[in-house]
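Each remark here refers to the structure printed beneath this line.
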């Protein structure tokens, strides 16, 4: 900054204003400073600016590592498929990046399950102005501590801390509508639900919606999913489909998976076993990731506004930064049933 000021013949304060409040500097002077900076290769230090303003200009996102090796293999096999294999976490990130850029913020992402959530929190919370975190990624007691000094928005899951802003989608409503569609429109009665771990709040909410649809239709109401998947990946979905096929008794007429990734894996496993979808078994997912459109047959699913979740998280953080005393906000975003060939539609 000293060198830029000397070369452009202005004060250090003027150089600072060029980068912080450019409209406060005459256009001719501003251009002279910027030209000197270009010649010297000068870039303002975010850390130094943060020391003065007590802000970083960065928002944080804390996410578990939701990598799916099979989806990554699809992308590597087809270089044009990158957008098609974008997963839930990818779209949350894209939504947050878009909104953060609009508000002049950068985004710092910590996605790791290896070092444990405490390590992720330590890496992110001290370097950002606001913090978005996926439900159950960070222990509640840690979030309580963090939220005393910076805004925190919870994405998905139940609202564990009343004073935090919170965004969720209508998981139960979407799954109930999906199951009701299979029961009432396709006449299916033997349905199997493949969920996630009990600790997965979204998967549990979807199972609740499935139970409600069974109850409404007078079908047996299960106490637990037929199977639970630990990671909810394509490989787990394939294993679940195989296990359901190999169970004693009548095969299910429909397999409902708690997310699209598992449903895509199931479609491939059923094809390997010579089971026709939807003629022999209907298959459905949840999320509406791009891959659901291009698999064969195209997947019936519940589309949630994933990118909007990320965008809305940034909007809430920015609002909270501007008014820390406002009442906490809790939003539920709507979902929509997408009928495609894997259930017999389309």
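The values are calculated or read from the model by the stated rules, or taken from the named source; none is laboratory data. From a predicted model like this one, the values you see are computed outputs, not experimental measurements. Because the Cβ atoms are built from the backbone with ideal geometry, glycine has one as well, and the counts that use them run over all protein chains shown.
For the stretch 215-237, filtered to residues that are touching a helix residue (DSSP H, G or I) at 6+ places or on another chain (Cβ under 8 Å) and more than 21 Å from residue 178 (Cβ to Cβ), the residue that is modelled with the highest pLDDT is 235. If you filter the stretch 148-157 down to residues that are part of a loop (DSSP other than H, G, I, E, B) and in contact with a strand residue (DSSP E or B) (Cβ under 8 Å, 6 or more places away or on another chain), you find that the one that is modelled with the lowest pLDDT is 157.
Applying the condition of being over 26 Å from residue 58 (Cβ atoms) and exposed (fewer than 13 other Cβ atoms within 10 Å of the Cβ) to the stretch 1-25 and asking which residue is farthest from the chain's Cα centre (by Cα) yields 9. Count, please, the residues in the stretch 190-225 that happen to be farther than 29 Å from residue 159 by Cβ and either surrounded by 14 or more Cβ atoms within 10 Å (Cβ to Cβ) or touching a strand residue (DSSP E or B) at 6+ places or on another chain (Cβ under 9 Å) (or both). The total comes to 5.
Only strands (runs of 3 or more DSSP E) whose full extent lies in the stretch 226-341 are considered here, and the ones with at least 1 residues that are loosely packed, with under 14 Cβ neighbours inside 10 Å are 330-333, 336-338. So how many residues does the stretch 109-140 have that are modelled with pLDDT of 90 or more and surrounded by fewer than 22 Cβ atoms within 10 Å (Cβ to Cβ)? Final tally of qualifying residues: 1. Is there a residue in the stretch 26-47 that is at pLDDT below 55 and surrounded by 11 or more Cβ atoms within 10 Å (Cβ to Cβ)? Within the stretch 26-47, one or more residues are at pLDDT below 55 and surrounded by 11 or more Cβ atoms within 10 Å (Cβ to Cβ).
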